[in-house]
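Read the structure below first, then the notes.
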Amino acid sequence: MISPLLLNIALHGLEEAAGVRYQGHDGARTQKDSPVLVRYADDFAVCCHTRQQAAQVKARLEEWLAGRGMSINEDKTRIVHLTQGFDFLGWTIRRYRGGKLLIKPSKAAVGKHRKQLAETMRRMRGSNATAVIAALSPAIRGWTAYHRCMVSSKAFSSLADYTWKLTWKWARHSHQNKPARWVAARYYGMHCPSRSDRWVFGDKGAGAYLIKHPWTAIRRHIMVKGTASPDDPGLAGYWRYRRDKHAAPLDAHTCALLARQGRNCPLCGDPLIDTSRLPGSAEQWQDWWMSVTRRDIQPAPSEPGPPQQDGTRNARASTALIHASCNRALTARQRRSTALQLQPALS
């Protein structure tokens, strides 16, 4: 994280250098004929009213950056009309007929995700269905979490079809001597209880299933008020309100589990996610999903629960989000405990 931090420090003031001027003190609206600049670390886009204004802004920024020992990458810099569209941070921003502006996942981002899925499936040849699901799920969840705030429904649908073809090809390759009907009955069915979809890829024995891209609901991004910064202690209430009202871009079940657990791991007590510093890319969301897992956890004896007929508390396990490292440690302890119990019987 040191590189983006240093770039944010070095490029502080880029908006003023580009000539951006706001109305009032809250920074909610720009002045008439003022350009609009959006920056993420060292990537930025400037929206201007005319091509001449764009050329002037580019010249001012080149002079401003030269004083800091930096320069604009000419190979990646273009001046285009908004009807042509441009790619920025994995999205394509373009104004269509009728003056409607749409922000969609870029072709490059979709192609990169397709390539990642295909490479993962090639590596998983010879593995079982549970291993395939464990390898693909973080990539799908991470990519959809990042792109769910834009116009992504068509991209999600096309990627779901592509993922189905990959899993079908993997299943047919794993059982080359079996008919297609047998393969479909073994790996596909209504594995997700909350969805009436009989073509969900899963493992009946383990109860695991592969989520689909369209299952991630589209949720529009809410603009930050003016120039509000999460590092401003005077705006702590505003950012707390945003975190409570506009939760992390996760599915409803995951958000419910996080809320029930207080966003902490029930095994170690450490936070599962920091809502004040959410992942900022599809790869970071994928890494987060690889660091957590769902598992049925036995409640502690001190936890409240409905009493049974014999007066004891209900010890039924409940689903919880836990760290992947904690899950591995818990599995290892359970295996050691089972081995110790079997030793007297074997002796």
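Determine the principal axes of the Cα atoms in the range 195-237, then give the extent along each, sorted from largest to smallest and rounded to whole angstroms.
Largest to smallest, the principal-axis extents are 53, 21, 12 Å.
Please give the calculated 222 nm ellipticity per residue for the chain, where each DSSP H segment of at least 4 residues contributes -39500 (n - 2.57) and the sum is spread over every residue; nearest 500 deg cm²/dmol?
Details: 11 runs with 149 residues, N = 347.
That comes out to -13500 deg cm²/dmol.
Tell me, what is the 1.4 Å probe accessible area of residue 36, in Å² to the nearest 10?
So the heavy atoms of residue 36 present about 60 Å² to solvent.
With a 1.4 Å probe and every protein chain left in place, tell me how much accessible area residue 58 has, in Å² to the nearest 10.
50
Could you work out the relative contact order of the range 29-152? I mean the mean sequence separation of Cα pairs under 8 Å and 6+ apart, divided by the number of residues, in percent. Mind dumping the intermediate values first?
Details: 90 pairs, mean separation 16.2, N = 124.
Result for the range 29-152 is 13 percent.
If you rank 290, 70, 121 by how much accessible surface each has, with a 1.4 Å probe, what is the order from largest down?
Values: 290 110, 70 55, 121 10 Å².
Greatest to least solvent exposure: 290, 70, 121.
For the range 69-220, what is the accessible area per residue in Å² when the probe is 1.4 Å?
Values: 8910 Å² over 152 residues.
Normalised by residue count, the accessible surface of the range 69-220 is 59 Å².
Pick the calculated Rg and Dmax of the Cα atoms in Å for this structure from (i) 25.3, 88; (ii) 19.5, 62; (iii) 28.5, 101?
The value computed from this structure is option (i).
Considering only protein heavy atoms, with the full assembly of protein chains and a 1.4 angstrom probe, order 146, 22 by accessible area, largest first.
The ordering from most to least exposed comes out as 22, 146.
Could you tell me the relative contact order of the chain? Use alpha-carbon pairs under 8 Å, at least six residues apart, and round to a whole percent.
Working: 378 pairs, mean separation 42.4, N = 347.
Dividing the mean separation by the residue count of the chain yields 12 percent.
Remind me, relative contact order of the range 103-250 in percent, using alpha carbon pairs under 8 angstrom and six or more residues apart? Don't skip to the end; give the middle numbers.
Working: 136 pairs, mean separation 40.0, N = 148.
Once divided by the residue count of the range 103-250, the mean separation gives 27 percent.
Using the Cα atoms as the points, what is the convex hull volume per residue of the range 221-295 in Å³?
Numbers: hull volume 8.7 nm³, N = 75.
So the per-residue hull volume is 116 Å³.
Of the accessible area of the range 1-131, with the probe set at 1.4 angstrom, what percent is carbon plus sulfur? All intermediate terms of the calculation are to be shown ahead of the outcome.
Numbers: 4660 of 8990 Å².
Percent of accessible area from carbon and sulfur atoms in the range 1-131: 52.
Would you mind giving the average projected area, over all directions, of the Cα convex hull of the range 174-217 in nm² with one decimal?
Details: hull surface 14.6 nm².
Value for the range 174-217: 3.7 nm².
Could you tell me what percent of the accessible area of the range 151-301 is made up of carbon and sulfur, with a 1.4 Å probe and every protein chain present?
Carbon and sulfur atoms account for 53 percent of the accessible area of the range 151-301.
Report, in listed order, any pair from 178/204; 107/204; 107/212; 112/212 with a Cα-Cα distance greater than 25 Å.
Values: 178/204 18 Å; 107/204 35 Å; 107/212 19 Å; 112/212 17 Å.
Distance filter (> 25 Å) returns 107/204.
Can you tell me the Rg and the Dmax, both Å, for the Cα atoms in the range 18-61?
Just the Cα atoms of the range 18-61 yield Rg and Dmax of 10.8, 29 Å.
Under the classification rounded if a/c is under 1.5, otherwise prolate if a/b is larger than b/c and oblate if not, where does the range 131-264 fall, given a ≥ b ≥ c as square roots of the Cα gyration tensor eigenvalues? Please list the in-between numbers first.
Working: a/c = 3.36, a/b = 2.40, b/c = 1.40.
Taking the square roots of the gyration eigenvalues as a ≥ b ≥ c, the range 131-264 is prolate.
What number results when the radius of gyration of the range 57-114, computed over Cα atoms, is divided by 2.2 N^0.38 Å? Numbers along the way, then the final one.
Values: Rg = 14.8 Å, N = 58, 2.2 N^0.38 = 10.3 Å.
Compactness ratio reported: 1.44.
Would you mind computing the Rg to Rh ratio of the range 63-161 from its alpha-carbon coordinates, Kirkwood style for Rh? List each step's numbers first, then the result.
Details: Rg = 18.3 Å, Rh = 16.3 Å.
Radius of gyration over Kirkwood radius for the range 63-161 works out to 1.12.
The values are calculated or read from the model by the stated rules, or taken from the named source; none is laboratory data. Values in this document were obtained by computation on a predicted structure and should not be read as measured data. When the accessible area is computed, the model is the full protein with side chains, heavy atoms only, and any ligands, DNA or RNA have been set aside. Shrake-Rupley method; radii C 1.70, N 1.55, O 1.52, S 1.80 Å.
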